[in-house]
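Read the structure below first, then the notes.
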Amino acid sequence: MPLRYKPKSNCLLSKLPAGVLERIQPHLEPADLPLGTVIYESGERQKHVYFPTTAMISLLYETQTGESSEIGISGNHGLVGLAGILGGEKTVGRAMVQSAGFGLRISSEKLRTEFAAGGPLQDLMLRYAQAFMTQIAQSAVCNRLHSVSQRLCRWLLMNHDQIPGDKLVMTHDMIAHMLGVRREGVTIAAGQLQDLGAISYSRGTVNILDRKKLENAACECYAVVESEFDRLLGPMPKKSARRVSITK
């Protein structure tokens with residue numbers, strides 16, 4: 001089986017005890033996740049829970065006028081479809097693939113049955129739910145109080161941590177869509193980070209030159225969320241500086 005479809009390529013699944021993972025592994029299906037794929041729409045019943053291995057998935061809230069903003073993301077540190085596990089089945093957000101890749105999926109019903117039995121899986125899922133709620137709450141604070149440049153730093157760092165490899169392919173329009181800002185705002189913010197020496201970009205490729213500068217330019221929201229994930233779930237893998245590619 002290719003590495004991208006192995007359960008331990010997802011950090012959350014890798015933290016399950018061997019016996020629990022063996023019990024659910026036969027029910028895990030490979031999932032190809034092309035860019036822009038909608039995992040579920042607002043109000044839809046969540047039939048599957050997804051564990052990304054190389055893809056990044058955004059949770060978006062869209063207003064009646066068509067405006068939207070990203071309120072949470074999940075890559076190989078987590079899952080998509082909490083409502084399907086916890087019993088709510090539906091959410092008011094939309095889940096969409098923001099960076100193409102792969103993952104695994106399992107029926108919500110099957111995972112909910114395992115969750116209801118208690119034990120390590122239930123404990124892990126509840127701790128992940130708390131960590132993810134922190135991410136959503138911090139995103140709301142960040143979107144309200146911090147500059148586009150700070151928000152872009154946070155976004156780049158979170159993506160950098162959760163996607164293996166050295167590229168993130170995404171249009172400026174989609175980044176603006178995720179951050180809830182105008183495309184021009186993303187271009188200006190990226191230029192500021194380049195002037196700072198944190199990144200360079202040309203021909204659609206952003207190179208993270210100095211991750212420490214990027215962290216220093218970000219607001220406190222990145223550190224708050226990462227600290228909470230580490231506290232609740234154990235240390236998550238962190239990446240050294242590497243390239244992030246953005247297609248203009």
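Of the residues Leu152, Leu33, Leu124, the one that moves most in a GNM of the chain with alpha-carbon contacts below 10 Å is Leu124.
Please identify the trypsin sites (Lys or Arg not before Pro) of the range 40-110 that satisfy two criteria: DSSP loop assignment and at most 11 other Cβ atoms within 10 Å. Which are they? All intermediate terms of the calculation are to be shown ahead of the outcome.
Working: sites: Arg45, Lys47, Lys90, Arg94, Arg105, Lys110; in loops: Arg45, Lys47, Lys90.
Filter output for the range 40-110: Arg45.
All distinct Cα pairs of the chain go into the 1/r average, and the inverse of that average, the Kirkwood radius, is 18.3 Å. Springs join every pair of Cα atoms under 10 Å in this Gaussian network model of the chain, and among Val97, Val141, Val38 the largest mean-square fluctuation is at Val141.
Run the dipole for the chain about the Cα centre, Lys and Arg Cβ at +1, Asp and Glu Cβ at -1, nothing else charged, and hand back the magnitude in debye, nearest 20. Show your work: numbers first, answer last.
Details: 29 positive and 23 negative charges, 98 e Å.
Roughly 480 debye for the chain.
Kirkwood Rh over alpha-carbon pairs of the range 147-245, then Stokes-Einstein at 4 °C and 1.567 mPa s: what D in µm² s⁻¹, rounded to an integer? Result for D is 95 µm²/s. The spacing between the range 67-109 and the range 129-180, judged by their C-alpha centroids, is 15 Å. Where is the GNM fluctuation largest for the chain (alpha-carbon springs, 10 angstrom cutoff): Thr205, Thr63, Thr187? In this elastic network of the chain, the residue with the biggest mean-square fluctuation among Thr205, Thr63, Thr187 is Thr63. In this simple spin-label model, placing a label point 7 Å from the Cα along the Cα-to-Cβ direction at both Val169 and Thr65 gives a separation of 3.5 nm.
Potential lengthening of the chain between Glu29 and Met133 amounts to 34.8 nm, from the contour at 0.36 nm per residue minus the alpha-carbon distance. Can you give the calculated 222 nm mean residue ellipticity of the chain, where each DSSP H run of n ≥ 4 adds -39,500 (n - 2.57) and the sum is split over every residue, rounded to the nearest 500 deg cm²/dmol? Using -39500 (n - 2.57) per qualifying helix, the result is -13000 deg cm²/dmol. Around the Cα centre of the range 147-245, unit charges on the Cβ atoms of Lys, Arg, Asp and Glu (plus for the first two, minus for the last two) sum to a dipole of about 240 debye. Based on Cα contacts under 8 Å between residues 6+ apart, the chain shows a relative contact order of 20 percent. Each 10 Å bin from 0 upward holds the following percent of the Cα-Cα pairs of the range 3-141: 12, 45, 34, 7, 1.
Pairs of lysine residues in the chain that meet both criteria, 8 or more places apart or on different chains and Cα atoms under 13 Å apart, total 5. Spin-label model, Arg203 to Asp230: label points 7 Å out along the Cα-to-beta-carbon direction sit 3.7 nm apart. Of the trypsin sites (Lys or Arg not before Pro) found in the range 122-215, those that fall in a DSSP loop while having at most 12 other beta-carbon atoms within 10 Å are Arg182, Arg203.
Only the coordinates and a few stated rules stand behind these numbers; no lab work does. It should be emphasised that the depicted structure is a prediction, and the values quoted were computed from it without experimental measurement. Neighbour counts run over all protein chains shown; Cβ positions are idealised from the backbone, glycine included.
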